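Notes for the one structure printed next.
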Amino acid sequence: MSEQFDPYRKWLGIPPEETAPPHHYRLLGLAIYEDDPDVIESAADQRMAHVRTFQSGRFSQISQRILNELATAKVCLLSTENKAK
């Protein structure tokens, strides 16, 4: 029996028990309540660059969904107003 593909685990190293769904900090591999914008931006950019390597393969649609989630997390955590929510 083949295992269902889990992009969070395979690409981002997030275990299945932490993906229901993963919060923004976890998606970006950050400590909870990280507040340094440079650290947040760097983490997001690194993760997005990695996931982009899968855009043209058989998981292209999944990679786009994950890229959107990463971008949303980045924007949210870089906005003081959104981060508070």
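Pairs linking a residue in the stretch 47-61 that is in contact (Cβ under 8 Å) with a residue 24 or more places away in the chain to a residue that is in a loop (DSSP other than H, G, I, E, B) and surrounded by 14 or more Cβ atoms within 10 Å (Cβ to Cβ), with Cβ atoms under 9 Å and 6 or more positions apart or on different chains, are 47/28; 47/29.
Look at residue 22 and say whether it is surrounded by fewer than 11 Cβ atoms within 10 Å (Cβ to Cβ) and modelled with pLDDT under 95. No; evaluated as a whole, the condition is false for this residue. Looking across the stretch 50-65, the residues that are assigned to a loop (DSSP other than H, G, I, E, B) and either farther than 16 Å from residue 27 by Cβ or of a type in the set (D, E, K, R) (or both) come down to 53, 55, 56, 57, 58, 59. Within the stretch 46-60, being over 14 Å from residue 12 (Cβ atoms) and at pLDDT 95 or above holds for no residue.
Candidates are the residues of the stretch 9-46 that are touching a residue at least 40 places away in the same chain (Cβ under 8 Å) and in a helix (DSSP H, G or I); the one that is farthest from residue 76 (Cα to Cα) is 11.
The values are calculated or read from the model by the stated rules, or taken from the named source; none is laboratory data. Given the structure is predicted, the values throughout are model-derived calculations rather than measurements. A quick note on method: Cβ atoms are made from the backbone with ideal geometry, for glycine too, and the neighbour counts reach across all protein chains shown.
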